[in-house]
Every structure is written in C-alpha cells, then in structure tokens.
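Read through the structure below, which is laid out as structure tokens, and then see the notes.
The values are calculated or read from the model by the stated rules, or taken from the named source; none is laboratory data. These numbers were taken from a predicted model, which means no experiment stands behind them. All Cβ positions, glycine included, derive from the backbone under ideal geometry; neighbour counts span all protein chains shown. Note: accessible area is taken over every heavy atom of the protein model, side chains too, but ligands, DNA and RNA are not part of it. Shrake-Rupley method; radii C 1.70, N 1.55, O 1.52, S 1.80 Å.
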There are 2 protein chains.
Amino acid sequence: MPPTSSPPELLQGTLDVMILSVLQSQSLHGYGIARQIEARSGRLLTIEEGSLYPALHRMTKRGELAAEWRTNDTGRRARFYRLTTDGKRRLAEQVSLWDTLSGAVSRVVHGSSRQAAPDARLGWE
Amino acid sequence: MPPTSSPPELLQGTLDVMILSVLQSQSLHGYGIARQIEARSGRLLTIEEGSLYPALHRMTKRGELAAEWRTNDTGRRARFYRLTTDGKRRLAEQVSLWDTLSGAVSRVVHGSSRQAAPDARLGWE
DNA sequence: AACCATACCTTGACGATCGATGTATAGTGT
DNA sequence: ACACTATACATCGATCGTCAAGGTATGGTT
C-alpha cells in the first residue's frame with residue numbers, strides 16, 4: 001500500500017537523481033527502487049509507476065543503468081538495475097547540482113534580498 | 001546581459017513559487033522579476049523569457065497575480081505585477097511545500113538510508 | 001550610426017510526468 | 001477453495017511546463 005496521496009508536481013526532474021542515488025549502494029528492481037525512495041523520504045514522496053518505468057528505460061538507453069533479469073529467493077522474476085560507470089559519474093554530477101540549485105531556489109523563496117544595488121528602474125512600491 | 005548559460009531542467013515546477021516570492025515585498029514587471037530572481041540566486045538561475053511570460057499569464061489567469069500597465073521614471077511603459085489575496089495564500093503554501101519536499105529529496109539523494117527493516121525480498125548485493 | 005540594455009510577446013517542439021489500465025504471480029487470511 | 005493484498009512488470013494518452021528562437025520597439029551610450 002503506497003503512502004497517502006500524490007505529491008504535487010513541484011519536483012519535476014528530480015526522479016533521475018533519486019533513482020541514481022538509491023542504486024549507489026545496492027542493485028534493486030523497479031518496485032524496490034520506488035519503495036526505497038519512499039522510505040528514505042519519510043513517506044513524503046510517492047513514485048508513480050507511469051513515471052518510474054519510463055525513467056528506468058530511458059536511463060538504461062542512455063547507458064547510466066544496466067538491467068538484468070533475475071529471480072529472487074521467493075521465486076519471483078524481476079528486472080534488477082545497477083549503476084554503470086557512466087551512471088556513477090552522472091550520480092556525482094547530479095547530486096552536486098541538486099545541492100547547488102536547490103540552495104539557490106531556497107535563497108530566492110526566502111528572500112535573501114541582498115537588494116544588491118537598489119535600482120529605481122526595476123520596480124517601485 | 002544575462003548571466004552565463006542555461007541551467008539544467010532539474011528544477012521544473014519551481015518557477016511559480018519563485019515569482020510569487022519576489023513579488024511579496026514589491027511590485028515588479030516581468031523583466032524586473034527575472035533580474036530579481038537571478039540576483040537572489042547569486043546568478044545561478046537564469047529565467048528564460050519563454051518560460052517567464054507564459055508563467056505570468058497563467059498565474060494572472062488563475063487569479064494569483066494582478067497586472068497593471070504603468071510608466072516608470074525613465075518613461076518606459078511596462079506591465080507591473082502584484083500579488084492578489086489568493087496569490088499571498090498560494091505563496092505561503094508553496095514555500096512551505098518547497099521546504100518540505102526539497103528536504104525530502106535531499107534526504108533521498110544523500111542516503112538517509114534508515115534501512116528501516118532490511119527486507120531480503122527487495123534487493124541484494 | 002551602431003550597439004546594448006530594457007521590455008514586451010509568440011511560436012513550435014520537446015520531454016517528463018501523471019492517471020489509468022492491463023497482465024500475472026506469491027503470500028495470507030478465512 | 002476462495003478472496004484479497006502485495007509484488008512486479010509494462011503501456012497508453014493527455015497534459016503541462018520549459019526551451020530555443022524569433023519578432024517588435026524604445027532609451028541610453030559610444
């Protein structure tokens with residue numbers, strides 16, 4: 001049973017970096033990736049299957065993930081994903097980028113208004 | 001001259017909350033909004049005009065912004081935007097949501113791996 | 001006259017996400 | 001035996017936001 005409801009679309013573009021992140025320490029199949037992201041986020045994020053599988057396929061096509069069919073101990077077939085060398089490189093890049101850019105957005109929304117050089121032409125009131 | 005280059009599409013969905021934020025303390029026109037976001041972000045974020053104007057129009061249509069033509073002190077006509085009551089409410093909602101969700105993503109990518117209950121069925125390796 | 005910054009806008013294409021739907025098996029409870 | 005839930009894969013159509021590019025026009029500077 002997935003968490004509660006669907007989170008708003010405020011976070012477009014973050015699915016890739018989250019997938020890469022949870023695959024850093026372990027190989028997982030799609031369903032496990034979704035559960036892991038939900039667990040790590042404290043049940044705040046829900047991964048829709050209609051987003052997850054297209055993401056896994058395009059990342060595999062881009063060479064960031066490698067996929068392999070396996071059977072786990074309960075006898076169920078599942079497609080396990082692991083990071084390739086390219087995927088590890090992209091993981092590092094994207095995590096660093098997320099930190100930088102999410103920090104920038106936070107400064108904007110919390111008004112780090114260093115009104116650098118109060119410029120009368122730009123606004124009033 | 002806009003900053004350097006176009007930032008990746010990691011932050012889709014954050015434009016609205018940034019626009020609302022910079023309009024909290026002042027009325028601005030489109031160009032001024034873009035400059036303000038760039039300044040507050042420390043020149044990390046670039047707002048493309050093809051994203052900005054559609055966003056301003058749809059937010060006005062949704063009733064979050066009110067627009068008014070004015071002439072500033074240099075004699076140039078410009079369309080100034082301010083928050084409506086609805087816009088102020090949405091600003092508060094969206095900022096709080098951004099803080100919550102960006103925090104969740106950060107926990108995911110930095111592996112707050114409280115492997116809650118190590119579940120052999122979900123992965124191996 | 002040339003150029004740059006300011007200031008508005010639209011268009012077409014793209015890509016990612018979402019909700020819905022479909023299939024199938026394993027485990028659990030009754 | 002039956003029903004139900006969780007597991008596990010996948011695809012589809014619609015929607016939405018963004019982007020790159022282009023277009024118009026004025027004011028200030030060199």
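Could you work out the mean count of beta carbons from other protein chains within 10 Å of each residue's beta carbon in B:66-79?
The per-residue average across the peptide is 1.
Per-residue accessible area for residue A:69 at 1.4 Å probe radius, Å² rounded to 10?
Result for residue A:69: roughly 140 Å² accessible.
Please report, for the Cα atoms of the stretch A:12-91, the Rg to one decimal and the Dmax as a whole number; what are they, in angstrom?
12.0, 35
Which distances in nm, rounded to one decimal and ordered from shortest, link the label point of residue B:25 to the equivalent label points in the other identical copies, with labels set 7 Å from Cα toward Cβ?
In nanometres, ordered from closest: 4.0.
List the distances, in nm to one decimal, from the label point of residue A:63 to the label points of the same position in every other copy, shortest first, placing each label point 7 Å from Cα along the Cα-to-Cβ direction.
Those separations, rounded to one decimal, come out as 5.2 nm.
Per-residue Cβ counts within 10 Å, from other chains only, averaged over A:41-49: what number is that?
Mean number of neighbouring Cβ atoms from other chains: 3.
Straight distance only, please: which aspartates and glutamates reach the Cα of residue B:88 with their own Cα at less than 14 Å, same-chain residues fewer than 8 apart left out?
List returned: B:16, B:64.
Nearest-to-axis residue of chain A, judged by Cβ, for the A-to-B rotation, with distance in whole Å?
A:12, 2
Just counting partner chain Cβ atoms within 10 Å, what average do the residues of peptide A:9-16 show around their Cβ?
Numbers: counts 2, 12, 11, 6, 7, 11, 1, 1.
Mean shielding by partner chains, rounded to a whole number: 6.
Summed for both chains, how many Å² of accessible area, to the nearest 100, are buried between A and B with a 1.4 Å probe? Kindly include the intermediate steps, with their values, before the conclusion.
Working: alone 9120 and 9140 Å², together 13400 Å².
Buried area between the two chains comes out at roughly 4900 Å².
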